[in-house]
1. I'd like the mean, over residues of A:172-179, of how many other protein chain beta carbons sit within 10 Å of each residue's own Cβ.
2. Residue B:15 to residue B:142: extension gain in nm, 0.36 nm per residue of separation minus the Cα-Cα distance?
3. Suppose you put the label 7 Å out from Cα in the Cβ direction; list, shortest first and in nm with one decimal, how far residue A:180 is from each other copy's label.
4. Taking 0.36 nm per intervening residue step and subtracting the Cα-Cα distance, what contour gain separates residue B:121 from residue B:40 on full extension?
5. Tell me, what is the FRET efficiency for residue B:149 and residue A:174 to the nearest 0.05, using R0 = 30 angstrom and their Cβ-Cβ distance as r?
6. Please average, across the residues of B:24-30, the number of beta carbons from any other chain that are within 10 Å of each residue's own beta carbon, and give a whole number.
7. Show me A:33-41, A:164-172 ranked by packing, highest mean number of other Cβ atoms within 10 Å first.
8. Once the label point is placed 7 Å from Cα along Cβ, list for residue A:51 the distances to the corresponding points in the other copies, in nm, shortest first.
DNA sequence: TTGCAATATGATCTTAATTCATTTTTACTG
DNA sequence: CAGTAAAAATGAATTAAGATCATATTGCAA
């Protein structure tokens, strides 16, 4: 700890406690994690933990909160470069799956937080913030008219995150690493079920090329006055 | 307890303990549940619990095991009357969603069991048995040739159960009861993404077409000031 | 350097899981 | 039906871990 100000020292210690707690919770589960071990790992005395967090449950809350915050930031970054809704969905799915896979033991824990009768309002608001990344992608696509006759947003959201969490569990259980086919297929589901206009599904694919050509013609025509940069 | 034989008495007492445990775990969560309260609720002395189960964790395991067994039986019954794969999927989704909704506080708990380092092999095998109902529907459909070029079974399975669990959580969170549109839309996703639309994926180089479409989307997005008609 | 407020410590307290010596019930025998 | 040995049940005592708090240490300003 080579911090100058007191504030920095305190912040660093808080970080150390959260890091230790994250590790110990991941290794031993919530019940198995001993506060004394967390304290030891963080290089502070047992009582110090209770200076920063009221009890074990609040410590877990803090670790979970930090987890969601980081995840949210990462998700925004992952999506930012992509143009179309489907590309964004694909990028988000890729990011989400690889992120939770990288932290599986901890992710298993987070569902626990929900159980605590009180105080999960924090938790919920963090999750809300996180899934807003997805919601915005879809909302924009709907505004743009990309989705014809879409189901309620929450159903698409639950389909997306529910599928990915379960896939992550399966991959983890089978000692597999990231599987890009899972992401591709999920994106494809979105494409076929929600994005693809009803005609794409009903009429035959043979006309796909014709459709594309027709659309290119339309775009080209629309572009003639204007110019597109690289 | 008006049982005649000793065996029946013991079985009845075991049932009573499991019932009490199920209730108390649901009400208070795993940590909050006191074994003494469970014992009281079951009408036995504290020590008696430990005659039937080695510790609290094993008691939870037993409750969870019974939960999965009942769920499996119910799922088989729910599917048995239906003829086509899509009807069976719809019936299973309906059954699964309403079942876990009816027992949400407990369902939240079950994910915990996975955390315990040891002994979840039981748990996993129960879950495997349960999801076999789904797997068989899909396998038969594949054999029958209903699915052309399907994704791996586990991905469809995780999509199915993951979506439903998340939908259940959302409904529960919003104090909603069963929502049949959620089931309908999930079934529709299966129909459009896996069952129908065989040509789309098989014939035309799907990836190439997708890439072109994605690029068109990007171009179209870049044109946002100008609107392109259909 | 001194004094004081902010921090940190870990022995102590408390609560709840688990054990086990004792009691009660059951089932069998003469 | 009494006697009795095994099985089942009990709850006081033990143990483990979370939480508290009186005391000690540190950082900072005058």
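A short reminder: the numbers here are calculations on the coordinates, not readings from a lab. Remember, predicted model here, so these are calculated numbers, not experimental data. Glycine also receives a Cβ, built like all others from the backbone with ideal geometry; neighbour counts cover every protein chain displayed.
1. Whole-number average of other-chain Cβ neighbours for A:172-179 is 1.
2. Full-extension gain reported as 41.6 nm.
3. Residue A:180 label point versus its equivalents elsewhere: 4.4 nm.
4. The span from residue B:121 to residue B:40 would gain 26.1 nm if fully extended.
5. 0.85
6. Counting other chains' Cβ atoms within 10 Å and averaging over B:24-30 gives 2.
7. In descending order of packing, they fall as A:164-172, A:33-41.
8. Distances to the matching label points in the other copies: 5.1 nm.
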